[in-house]
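Encoded as structure tokens, the structure appears first; notes follow it.
We did not get these values from a lab; they are worked out from the coordinates using the rules stated. Nothing here was measured: the structure is a model prediction, and the numbers come from that model. Because the Cβ atoms are built from the backbone with ideal geometry, glycine has one as well, and the counts that use them run over all protein chains shown.
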Amino acid sequence: MLASDSSSDVASQQTVPPLCEDVQLVLSLGGGQLQVGGMELAAAALVELVILRRVGSVPESGFMARKDVRKLTVISEEPVGVPALDAALTAVVAKGKPWNAFSSLRKIWRPVASATQDALIARGAIARSGPFGGLKSTLSIADERQYRAAVARLDSAWLRPESVTDVRSAAFVDLLRNAPPSFNRGAQRPHGVQNAPFIEREWYPSEIRDTLVGIFQAQRAAAGSGTGYEG
């Protein structure tokens, strides 16, 4: 089990970008082009909020409650200082009651993706050919160094999971493992999409594990439902 430091925010750490930015950078289509992230980015934002103890979850309740389905709840409304994360947090707060993780992903992916793209453009990592959400807008790698750094962070954790010492790196792996087949490196194939585990290892602290697994489960379901990309 890995330790999770919730005492400081992403905005003040500065050692690595937010998960949603790293995830967007590794969604490579080849030829310097990037897939516009959707559910992966929304899930990444929620995962980081869980790690930072802004968001938690409770089991679904009621007569028709489904086993292992989690509903997101607010632990702290304090902004993180990262636009993409604060967009997701604001939406969870505004809901005003426990929120199904699948429904939340579908609701927040657009503002999270917009803020993520803007942040990457601002730091010169990517370029966008048109407005956010434009039918003909595309994303491309503008800084090869930043792109390769993100890929290296993913590869280091993915190829040597035994060396992972922090929750953030573990989550980076699991976010991509539960992404569509184009980006999950065949992670779901050995067991079939329906039976593949949602996490690579039992490497999350017990107090956040169920919430993270619930988000990964919702991410995979949302991506598989064909609702992940709307422009």
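Using the Stokes-Einstein relation with a Kirkwood hydrodynamic radius computed over Cα pairs, the translational diffusion coefficient of segment 128-171 at 25 °C and a viscosity of 0.890 mPa s comes to 195 µm²/s. Computed extension length for ILE121-SER137: 4.4 nm, one decimal, from 0.36 nm per residue of separation with the Cα-Cα distance subtracted.
Applying 1/(1 + (r/R0)^6) with R0 = 41 Å to the Cβ-Cβ distance of ASP68 and VAL151 gives a FRET efficiency near 0.80. Kirkwood radius for segment 72-215, taken over all pairs of different Cα atoms as the inverse mean of 1/r, rounds to 17.3 Å. The modelled label-to-label distance for the pair GLU162/SER182, using points 7 Å beyond Cα in the direction of Cβ, is 3.5 nm.
For segment 136-186, what does the relative contact order come out to in percent, with C-alpha contacts under 8 Å and a separation of six or more?
Numbers: 21 pairs, mean separation 10.7, N = 51.
The normalised contact order for segment 136-186 reaches 21 percent.
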